[in-house]
Amino acid sequence: MEKFGVDEGTSEELEKKASENCPKCGSKVEVHGKTLVCPRCGSEPFEPAGK
């Protein structure tokens, strides 16, 4: 299975989304470059649907 980075937009938008918890498990989200990553779920909850 291939995994692709998720471009979430500007750093301000990233910080706002990172302040919210993971939509899948509720864990605190981390910012890695321009990608949001959950410590439990990885980047999956932030990947576009259908890919």
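The values are calculated or read from the model by the stated rules, or taken from the named source; none is laboratory data. Keep in mind that what you see is a predicted model, and the values were worked out from it rather than measured. We place every Cβ from the backbone using ideal geometry, glycine too, and count neighbours over all the protein chains shown.
Brief remarks on what is shown
- Applying the condition of being in contact (Cβ under 8 Å) with a residue 24 or more places away in the chain and of a type in the set (Lys, Arg) to region 26-51 and asking which residue is farthest from Glu13 (Cα to Cα) yields Lys51.
- Residues in region 1-30 that are surrounded by 11 or more Cβ atoms within 10 Å (Cβ to Cβ), at pLDDT below 85 and β-branched (Val, Ile, Thr): Val6 alone.
- Extreme residue, surrounded by the fewest Cβ atoms within 10 Å (Cβ to Cβ), among residues of region 31-51 that are modelled with pLDDT under 90 and either in contact with a Pro (Cβ under 9 Å, 6 or more places away or on another chain) or of a type in the set (Lys, Arg) (or both): Lys51
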